[in-house]
Amino acid sequence: MDLIGLYPTWFEPGLGSGWVVGLIATAHVLFSHTAVGAAIFFAGLAVYANRTGKLEYLEFIRRYGLFLLVFSYVLGSITGPGIWYSTTVASPRGISALIHSFVWKWATEWVFFVIEVVGVYMLTYLATRLDAKTYLRIAVIFGLTSYTTMLVIVGILSFMMWPGQERWFTEGGYLNGFYGPNTFAQLGMRTAFMFTMTAVVGGIVAARFDDAAFKKAVLARLAWLGLASTAAGAAMLQWYLGTLPESAEVVMANRLPEHFAPTLLAVLGGVAAYFVVTLVRPRWLTPALASVATLAILVFGLWPEEVARESIRKPYVAGQYVYSNQIIGRDVPGMGIASEIPTIEAHGLLKTHVFTPEPLRTVTPENRLEVGRFLALTTCSNCHSLSDSGMRPLARYFGGSTDVPAIAEYLQAALATGATIYMPRVPLKDDEALALASYIASLAGPAPAVRTAQQTTRTER
Ligand code: HEC
C-alpha cells in the first residue's frame, strides 16, 4: 500500500506550533526590516553629510550602527535561524517546498547578508578612521546589499502565499514561482514600513544626544522619514490588498476579526501622531519612550500583520499546495508533485502515515480515544490548539458538544470534502471519524475516567 511521507508532528501544547513560529518571525521582522531601512537611510545620510559638510551626522550613523549591531544583527541572527529551526519542526514539508524551489535564491541572499554584516561593522568601527569618500562608498554598498537581501526574501515570501504565475503549477520554473502581482506590492509595502521601523528605533539612539540642537535636527529627519514612510506604507497596503486572490478576500472578509480594519487605521494614525510629536517636541523624547514606541509597533503593528498573513493563505502553508497540516493537497505537475488526498481517501490516514504508532493503526474500542488524539495532533493541531488557550482552540469550534456521532458526521461532511475553503481537506474513514469525534467530545467535557486515560497517554509520550 502507498505510504505518505509525513514527518512526526511537533506538538506544542500551550501556544500551538504555529504561534511559536509566528512569535519568532514577528520579532525577526522588526530586527531585519529596521536594519535594511537603516542601511538605506545611512547611505542617504552619508551622502547628505558629505555634500553639506555636516559631518556630525556621521556620528549619528556610528551610534545607530553600534545599536543595530546588537538590536538587528545579534537578535536578528538569533531569530533568523530560529525561524529555520521552528519551521523545520512545525512545517517540515512547507520549508522543504520552499527549499526545493529556491535553494539558489537563498544562497544568493546569504552572500549579500555576509557583505551586509561586514558593512555594518565597517560603518561602526571605521567611522572616524576613514576618509569621507571611502566611508560614503561603504555606506552605499551597505545600503544596496542590505536591500538586495530584502528583494530576494520577498520573492520567496510571496511564493509562500501564492506562486507568482498560475502556469508555475503546470510548467514549474522558479521565475514563474518568484514573480507575481503580489511580489512587487509586497516589496513596496515592506520597503515603506521598514523606514517607519528605522525611524522609530532611531529615536532610541537620537534621544540620548545631549546636544539639544543636534538631537532636534536628527529627530526631525527621523520624524519626516517616519511620516512619509507611514503614508507611503498605507498606500502600498491598499495596492497589496488589491493583488490578493479572491479566496484570500473571502477569508479576510469572513475570518479576520471585525475590529481588524479600524485597528489598523488607528495604528497607522497613532504612528503618524507619534512622529508629529517627536517633530514639534523633540525634548519630550527619551530613550524609554522611544523603546515603548518600538514595542508598540511590534505588538500592535507587526503581530496583527503576521497573523493576518498567516490566516489569508490558509489552508496552505506554502505555495498553495502544501496544507498547513503538511499533507500535499494539490497536484503540481510542473514540479512532479501529486496530491496525497486520493491515497488517504482510499486507505485512511492511520494506515498510510509512516509514523502512526503500530498499536493505533487499527481502531478498537480501547484505543479509540488515543487514535482520535493522534488524528487531531496530525491533522488539526497545526492550526488549532488542543487545549483551551492558544490558537483557535479546537474544542471551542464544536460549541462544547459531546454528541460523538454528530461530530463525526460533521467531520465527514465538511472536512472530508473540503467544504470550508480555509481548512484543508481531511478525508476520514468511518472509524477514524468516530475516533476523532470521541477525542473532540472528550475535550469539551471529559468524564473523570476519560481524563485519567488521557493523562496516562500524555505521560507515556
Ligand atoms: C490549515 C489550518 C487548519 C487546519 C489544519 C484545520 N483547521 Fe479548522 N479552521 C481553520 C480556520 C482558519 C478556521 C476558521 C476559524 C476562525 O479563524 O475563526 C477553522 C474553523 C474550524 C471549525 C469551525 C467551523 C467553520 O466552518 O468555521 C471547525 C469545526 C474546525 N475548524 C475543525 C477542524 C478539525 C476537526 C480539524 C482537523 C481535522 C481542523 N479544523 C483542521 C483552520 C484549520
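Taking neighbour Cβ counts within 10 Å as the exposure measure, how do D388, D431 sort from fewest upward? Provide the component values of the computation, followed by the final result.
Working: D388 11, D431 16.
Fewest-to-most ranking of D388, D431: D388, D431.
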What is the order of I327, I407, fewest Cβ neighbours within 10 Å to most? I407, I327
Run the simple label-point estimate for E246 and R167 please: 7 Å along Cα→C-beta, distance reported in nm. 2.2 nm
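To the nearest 500 deg cm²/dmol, what mean residue ellipticity at 222 nm is calculated for the chain from DSSP H runs of n ≥ 4 alone, each contributing -39,500 (n - 2.57), summed and divided by the residues?
Details: 19 runs with 304 residues, N = 461.
Calculated at 222 nm, the ellipticity per residue is -22000 deg cm²/dmol.
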Applying the Karplus parametrisation 6.51 cos²θ - 1.76 cosθ + 1.60 with θ = phi - 60° to the phi angles of region 62-78, what ³J(HN,Hα) value in whole Hz is obtained for each residue in order, glycine and proline being reported as x? 4, 5, 5, x, 4, 4, 5, 3, 8, 4, 9, 8, 7, 5, x, 7, 8
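Starting from the Cα coordinates of region 80-184, work out the convex hull volume and express it per residue in Å³. All intermediate terms of the calculation are to be shown ahead of the outcome.
Values: hull volume 10.6 nm³, N = 105.
Spread over its residues, the Cα hull of region 80-184 gives 101 Å³ apiece.
Could you give me D for region 344-460, from Stokes-Einstein at 37 °C and 0.692 mPa s, where the hydrodynamic radius is the Kirkwood radius over C-alpha pairs? Units µm² s⁻¹, please. Could you put the intermediate results ahead of the total?
Numbers: Rh = 14.3 Å.
In µm²/s, the coefficient rounds to 230.
Quick one: compute the contact order of the chain, relative version, from alpha carbon pairs under 8 angstrom and 6+ residues apart, as a percent. Mind showing how you got there, number by number?
Numbers: 643 pairs, mean separation 90.0, N = 461.
The value is 20 percent.
Could you give the length gained by full extension between D388 and I115, i.e. 0.36 nm per residue of separation minus their alpha carbon distance, to one decimal place?
On the way: separation 273, 0.36 × 273 = 98.28 nm, distance 4.62 nm.
Using 0.36 nm per residue and subtracting the Cα-Cα distance, I get 93.7 nm.
How charged is the neighbourhood of G372? Take every other residue with its Cβ under 12 Å from the Cβ of G372, and add Lys/Arg as +1 and Asp/Glu as -1.
Working: positive: R368, R373; negative: E370, D431, E432.
That works out to -1.
Evaluated at 10 °C with a viscosity of 1.306 mPa s, what Stokes-Einstein diffusion coefficient in µm²/s does region 183-324 have when Rh comes from the Kirkwood expression over alpha-carbon pairs?
On the way: Rh = 16.3 Å.
Here the translational diffusion coefficient equals 97 µm²/s.
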Given labels modelled 7 Å from the Cα in the Cβ direction, how far is it in nm from V47 to R137? 1.7 nm
Cα convex hull volume per residue for the chain (Å³): 152 Å³
Rh (Kirkwood; distinct C-alpha pairs) - region 356-400, Å: 11.4 Å
With P342 itself left out, Lys, Arg at +1 and Asp, Glu at -1 over residues whose Cβ is under 10 Å from its Cβ give -4
Within 10 Å of each residue's Cβ, count the other Cβ atoms and sort R283, R313 from fewest upward. R283, R313
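For Y57, what charge total do you get from the other residues with a beta carbon under 14 Å from its beta carbon, if Lys and Arg give +1 and Asp and Glu give -1?
On the way: positive: R51, K54, R62, R63, K215, K216, R221; negative: E56, E59, D211.
Once positives and negatives cancel, what remains is +4.
Throughout, read-outs are computed from the coordinates displayed, never taken from laboratory work. Quantities reported herein were computed from a predicted structural model and do not represent experimental measurements. In this analysis, Cβ positions are derived from the backbone assuming ideal geometry, glycine residues included, and neighbour counts consider all displayed protein chains.
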